[in-house]
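Novice: Input: one structure, supplied below.
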Amino acid sequence: MTIRSEFFGVSPDQFAALVLDNEVTVGEFVTSPPISWTRLVQRNGIFRVAEGYPNLLTAAQAKFEMRNWDEVSLPSIVRLLAELDDGVDYVLFGNNAGQGLPLAQSLPPNLIAARAAIIYANSLPEQSAYQQLGYRAFFRRSAATSRLLELANNAGRPMALCFINTIQHNEFNYHDP
């Protein structure tokens with residue numbers, strides 16, 4: 001079993017895009033036809049494919065994901081990112097009011113310029129901080145899927161989204177967008 005299939009639930013014939021963002025934003029990644037969707041969760045610092053995944057990301061699945069609150073461990077995410085290699089084709093970091101910056105710092109430098117991007121809702125005041133790290137691709141979250149699909153098409157492989165939630169929610173701090 002390869003790192004790609006073991007940790008991301010993605011076969012070698014798929015274009016694996018890792019999205020690190022807030023579960024409230026999942027609806028932005030819905031397409032027609034739906035694409036492969038894998039939610040990664042960590043337990044005791046180790047990431048695995050969540051039970052019931054991969055599946056297809058539909059509008060109903062996206063709504064379900066909004067209340068699918070994962071345990072979030074930023075140190076575990078940082079460790080995973082530091083170990084990334086060719087197991088993923090592209091990495092997207094949700095800025096989330098600057099909360100994505102510490103995670104973006106953890107990606108190996110050889111992946112930053114050509115295989116990663118920063119996504120945001122309406123503006124990106126932290127763009128210069130990301131640029132200092134070597135990031136060159138910045139776009140609205142609403143454009144993320146079309147950009148990824150273009151990369152996957154250029155690679156000649158169907159896209160598979162892998163998702164890690166980066167903001168811990170619960171019944172006390174969650175609100176419907």
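The values are calculated or read from the model by the stated rules, or taken from the named source; none is laboratory data. No experiment lies behind these values; they were computed from the predicted model shown. Cβ: placed from backbone, ideal geometry, glycine included. Neighbour counts: every protein chain shown. These area figures cover heavy atoms from the full protein model, side chains too; ligands, DNA and RNA do not enter into them. Shrake-Rupley method; radii C 1.70, N 1.55, O 1.52, S 1.80 Å.
Novice: Compute the FRET efficiency between Asn154 and Ala82 as 1/(1 + (r/R0)^6), taking r as their Cβ-Cβ distance and R0 = 30 Å, and round to the nearest 0.05.
Specialist: Once rounded, the FRET efficiency stands at 0.65.
Novice: Just the accessible area for Val78, please: 1.4 Å probe, Å², rounded to the nearest 10?
Specialist: Accessible area of Val78: about 50 Å².
Novice: Using the Karplus curve 6.51 cos²θ - 1.76 cosθ + 1.60 with θ = phi - 60°, what ³J(HN,Hα) values do you get for each residue of the stretch 121-126, in whole Hz, with x for Gly and Pro?
Specialist: Using θ = phi - 60°, the values come out as 7, 10, 8, 9, x, 8 Hz.
Novice: Here's something else I'd like to know. Give the residues of the stretch 83-105 whose amide nitrogen is closer than 19 Å to a point set 7 Å from the Cα of Thr31 in the direction of its Cβ.
Specialist: 88-94
Novice: Same structure, new question: Long-range amide H contacts for Phe15: which residues qualify at under 5 Å (H placed 1.01 Å from N, peptide plane, sequence gap of 5 or more or a different chain)?
Specialist: Met159, Ala160
Novice: Where the accessible area of the chain is counted over protein heavy atoms with a 1.4 Å probe, how much of it, in %, is carbon and sulfur? Don't jump to the answer; show the numbers that get you there.
Specialist: Working: 4530 of 8580 Å².
So the carbon and sulfur contribution to the accessible surface is 53 percent.
Novice: Collect residues whose amide H, placed 1.01 Å from N in the peptide plane, falls under 5 Å from the amide H of Phe138; neighbours closer than 5 in sequence don't count.
Specialist: Ile118
Novice: Send over the semi-axes of the stretch 80-172's equivalent ellipsoid, whole angstrom and largest first, taken as the square roots of 5 times the C-alpha gyration tensor eigenvalues.
Specialist: Calculated on Cα positions only, the semi-axes equal 20, 16, 15 Å.
Novice: Run through the DSSP bridge list for the chain and note the antiparallel percent, rounded to the nearest 5.
Specialist: Around 20 percent of the beta bridges assigned by DSSP in the chain are antiparallel ones.
Novice: Quick check: with the 1.4 Å probe, what order do Arg43, Arg136, Arg48 take by accessible area, largest first?
Specialist: Arg136, Arg43, Arg48
Novice: Ignoring everything but the protein chains, give the 1.4 Å probe accessible area of Phe47 in square angstrom, nearest 10.
Specialist: For Phe47, the solvent-accessible surface is approximately 20 Å².
Novice: Next question. Keeping all protein chains in place, calculate the accessible area per residue for the stretch 67-128 (probe 1.4 angstrom), answer in Å².
Specialist: Working: 2830 Å² over 62 residues.
I get 46 Å² per residue for this part.
Novice: Ok, one more. Top to bottom by accessible area (1.4 Å), largest first, where do Ser73, Ser123 land?
Specialist: Ranking Ser73, Ser123 by accessible area, largest first, yields Ser123, Ser73.
Novice: How big is D, in µm² s⁻¹, for the chain by Stokes-Einstein at 20 °C and 1.002 mPa s if Rh is the Kirkwood radius over C-alpha pairs?
Specialist: After rounding, the answer is 133 µm²/s.
Novice: Once phi is turned into ³J(HN,Hα) by the Karplus curve 6.51 cos²θ - 1.76 cosθ + 1.60 with θ = phi - 60°, what whole-Hz value does each residue of the stretch 131-138 show in order, with x for glycine and proline?
Specialist: 4, 5, 7, x, 6, 10, 10, 9
Novice: Scaled to the compact-protein estimate 2.2 N^0.38 Å, what is the alpha-carbon radius of gyration of the stretch 90-131, rounded to two decimal places?
Specialist: Values: Rg = 9.6 Å, N = 42, 2.2 N^0.38 = 9.1 Å.
Rg over 2.2 N^0.38 Å, computed on Cα atoms: 1.05.
Novice: Enumerate the calculated ³J(HN,Hα) couplings along the stretch 101-116 in order (Karplus 6.51 cos²θ - 1.76 cosθ + 1.60, θ = phi - 60°), each rounded to whole Hz, writing x wherever the residue is Gly or Pro.
Specialist: 4, x, 6, 4, 5, 8, 5, x, x, 5, 9, 4, 5, 9, 10, 8
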